[in-house]
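Have a look at the structure below, then the notes.
The values are calculated or read from the model by the stated rules, or taken from the named source; none is laboratory data. Not measured: the values here are computed from a predicted model. Cβ atoms come from the backbone with ideal geometry, glycine included; neighbour counts cover every protein chain shown.
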Amino acid sequence: MTSTPALPEAPRLARVPEPAVDVGAYLDLDRGLVDRRILSDQALYRQELRRVFAPSWLFLAHESQFRKPGDFFTTYMGEDPVIVAMGRDRKLRAFLNACRHRGMRVCRADTGATKAFTCSYHGWSYDLAGELVNVPNGEDYPAHFDRREWGLTQVAQLDTYKGLVFATWNPEAPPLVEALGGMAWYMDAMLDRDPEGTEALDGVHKWVLEGNWKLAAEQFASDWYHVNISHASALMVMSPSGKGPKAEIVQTPGRQYTDPLGHGAGFPTHPKSRFDDRVVHGYYDYGALRERLGDARVEGPMTTGHATVFPNFSYLPVFGSIRVWHPKGPDRIEVHAWTIVDRSMPDEVKDAQRLYNLRTFGPSGIFEQDDGENWSECQSTARGFMAGSMALNYQMGMGLQAEDGVHPGTTGRLYSDGAARGFYARWRDLMNTPAWHEKDTP
Amino acid sequence: MTTHPPEPAVMDTAPVSIDSEIRIHFEVQRLYAYEARLLDQHRYADWLELFTEDLHYWAPVRTNRLRRQQSLADGAPGEVGIFDETKASLAWRIRRFDSGMAWAEDPPSRTRHLITNVLVAPGDEPGEHIAESAFLCYRNRLEREVDLYAGCRTDVLRRDPDGMLLIARRTILLDQNVLLAKNISTFL
């Protein structure tokens, strides 16, 4: 359901080039080294907004949030505010949430239903297709003023993958399914368990973290390692004995997928290393799931996995948690997190999944509380000159990545920095490549 | 599935008979001051004893909605919330704090729960009271971290066989849309 911009080309100013830094020196991934200035430098952050966020497919919302024409949801792409709305033709569109007149947000509600987005500054009003339909005192504009040219700025491409809505400003971006690449096989362990697909429960968790967005994105791509220590308290209360998981679970076998496009996913493969809710676990017909998704996915990414779709969308299959790490400066993240469930689940199973997710993940969750503490600490020491410019160690699992014959693509051991190295390699490549919007330099 | 919060509209009228209210008002104020003290001393197991066995402890998400859709601004039962707890699930959260490995609270934060604007009205069932209170919870963590959690609590209170007031239901409306903190590692 790709939507193409229907509006005439908007008038533009000539592009003022912005200096770009070659980030190659900040990373030596062959040796597993990462300079911490990439977490704190303001100029690099501005470059990320231009070259990582603007050209990439970014997660916007879940399709189930839009049931009828006029339903809208506001979110961010990078630091750009956007509106996602279902038009009268039932197509989803996404626009910059910024009036073309003075730039004010034309929608200041999180979600709802409307017929038009009217700026409360001077009253410019846009319909659900983003077209400018009313300009108060229009007779005072010159003859060449053409309302059709001043619609809301629409994304270049919008598409969905199994219920998840993504968009990009980049007209040259490959189709979404190509941008997801080999990651889609792993995502299906969460999105395709049910022939009816998934739906998002009402209510979005939103909270702020002190930390660079990459700390969170990288961890969800690549970091099972922290679980036993950071989440020791949660593992203890969740273990049947109440004393913490057994040694074979702590040393659980598992695999970690590294995608050449920067995505990553990790998952235990020990049959007892799983943390799903009892009611949800009881609901699933694992025989049918094996037929639908194959043994490798049921025994792998459908267990207690973690994953990041580059750059800033992450999910946790058994917790039903999907989230986006919105950057808010080099040292701040705003997290928006949803709970998704399989559509065919009976209400009591959906409710069990909802309660399980909010008690484990989300701002009060017994896992998530400790994640917030880690990232704010990592960020605060990056302010120092010595601590902030030292190389960090990303060497775990080096030399152990290969095709394993079971899981598609390149995988390594569960305990590995492999997907983090892949994440940063993709980040480096985008940071060092002029984006589509830089190509029209006079 | 969760149930609707008590409707606090009964508190919209001015008090008519001061004498009849003094006793219960004092009792509720004292309960809340004691509860705040337990929370600020991190005595969570003792805190949990202030609740009935059939407790529902609930903090919905607050959404920015257009004025004509204000009725949908506070999360409904069954939606994603910040807390949606039974006494057993609170006990589960508390056991985590007692594990010695709950790093988000190690070293522990300093908190101060201020409870004010208390209004008490008769509840729906005989012997029950509805109490509304405002809270301001200040958290200072490690060196410089400060978080403020402000909002309103609506409780249903009921007496145990010994006559002690216990909290049977609590609805917490936190006055934030984006939670302006990295987590909530205390209770409200």
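Of the strands (runs of 3 or more DSSP E) that lie entirely inside the stretch A:158-272, not one contains 3 or more residues that are without any contact (Cβ under 8 Å) to a residue 40 or more places away in the chain and not aliphatic (A, V, I, L, M). Which of the residues that make up the stretch A:230-254 are of a type in the set (D, E, K, R) and within 17 Å of B:Ala91 (Cβ to Cβ)? Scanning the stretch A:230-254 gives a single hit, A:Lys243. As a summary of the residue check, B:His25 satisfies the conditions (1) buried (at least 16 other Cβ atoms within 10 Å of the Cβ); (2) modelled with pLDDT of 95 or more; (3) more than 14 Å from every other protein chain (Cβ to nearest Cβ) except for the one numbered (2). Of all residues in the stretch A:34-59, those satisfying the criterion of being farther than 21 Å from A:Ala179 by Cβ and either out of contact with any Phe, Trp or Tyr (no Cβ under 7 Å at 6 or more places or on another chain) or assigned by TED's automatic domain parsing to the domain that holds A:Lys328 (or both) are A:Arg36, A:Leu39, A:Ser40, A:Asp41, A:Gln42, A:Ala43, A:Leu44, A:Tyr45, A:Arg46.
Restricting the first member to the stretch B:27-49 and to residues that are farther than 13 Å from B:Arg112 by Cβ, and the second to residues that are basic (Lys, Arg), the beta-carbon pairs closer than 8 Å and six or more apart or on different chains are B:Leu48/B:Lys87. Please find, within the stretch A:87-106, the residue that is farthest from the other protein chains (Cβ to nearest Cβ) out of those that are in contact with a strand residue (DSSP E or B) (Cβ under 9 Å, 6 or more places away or on another chain) and over 20 Å from A:Glu149 (Cα atoms). If we take residues in the stretch A:87-106 being in contact with a strand residue (DSSP E or B) (Cβ under 9 Å, 6 or more places away or on another chain) and over 20 Å from A:Glu149 (Cα atoms), then A:Lys91 is farthest from the other protein chains (Cβ to nearest Cβ). Note on the stretch B:167-185: residues that are touching a residue at least 60 places away in the same chain (Cβ under 8 Å) and either small (Gly, Ala, Ser) or touching a Leu at 6+ places or on another chain (Cβ under 6 Å) (or both) total 4. Mind checking which residues of the stretch A:333-362 are in a helix (DSSP H, G or I), touching a Ser or Thr at 6+ places or on another chain (Cβ under 8 Å) and facing chain B (nearest Cβ under 8 Å)? Selection gives A:Arg354, A:Leu355, A:Asn357, A:Leu358, A:Arg359. Scanning the stretch A:277-310 for residues that are outside any helix (DSSP H, G or I), touching a residue at least 60 places away in the same chain (Cβ under 8 Å) and crowded, with 20+ Cβ neighbours inside 10 Å yields a count of 10.
The set of residues in the stretch A:205-249 being facing chain B (nearest Cβ under 8 Å) and within 19 Å of A:Ala337 (Cα to Cα) consists of A:His205, A:Lys206, A:Trp207, A:Val208, A:Leu209, A:Glu210. A Cβ distance below 9 Å, combined with a sequence gap of six or more or placement on separate chains, defines the contacts here; from the stretch A:20-35, residues that are farther than 20 Å from A:Ser222 by Cα reach residues that are of a type outside the set (Gly, Ala, Ser) and loosely packed, with under 14 Cβ neighbours inside 10 Å in the pairs A:Ala20/A:Pro434. Do we have A:Tyr315 as away from chain B (no Cβ under 14 Å) and aromatic (Phe, Trp, Tyr) here? It is true that A:Tyr315 is away from chain B (no Cβ under 14 Å) and aromatic (Phe, Trp, Tyr).
Determine which single condition A:Ser3 fails, assuming it passes every other condition in (1) modelled with pLDDT of 95 or more; (2) buried (at least 18 other Cβ atoms within 10 Å of the Cβ); (3) farther than 18 Å from A:Pro330 by Cα. The number of the failed condition is (1).
The requirement of being acidic (Asp, Glu), crowded, with 17+ Cβ neighbours inside 10 Å and in the same structural domain as A:His281 (by TED's automatic domain parsing) is not satisfied by A:Asp347.
Table: residues versus (1) in contact with a Ser or Thr (Cβ under 7 Å, 6 or more places away or on another chain); (2) surrounded by 14 or more Cβ atoms within 10 Å (Cβ to Cβ).
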residue: A:His62; (1), (2): no, yes
residue: A:Arg67; (1), (2): no, no
residue: A:Glu79; (1), (2): no, yes
residue: A:Met86; (1), (2): no, yes
residue: A:His101; (1), (2): no, yes
residue: A:Cys107; (1), (2): yes, yes
residue: A:Asp110; (1), (2): yes, yes
residue: A:Leu128; (1), (2): no, yes
residue: A:His144; (1), (2): no, no
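Among the residues of the stretch B:142-172, those identified as hydrophobic (A, V, I, L, M, F, W, C), within 14 Å of chain A (Cβ to nearest Cβ) and exposed (fewer than 15 other Cβ atoms within 10 Å of the Cβ) are B:Leu142, B:Val146, B:Leu148. Flag: A:Thr118 does not match the condition of being modelled with pLDDT under 95, among the hydroxyl-bearing types (Ser, Thr, Tyr) and either on the phi < 0 side of the Ramachandran plot or surrounded by fewer than 20 Cβ atoms within 10 Å (Cβ to Cβ) (or both).
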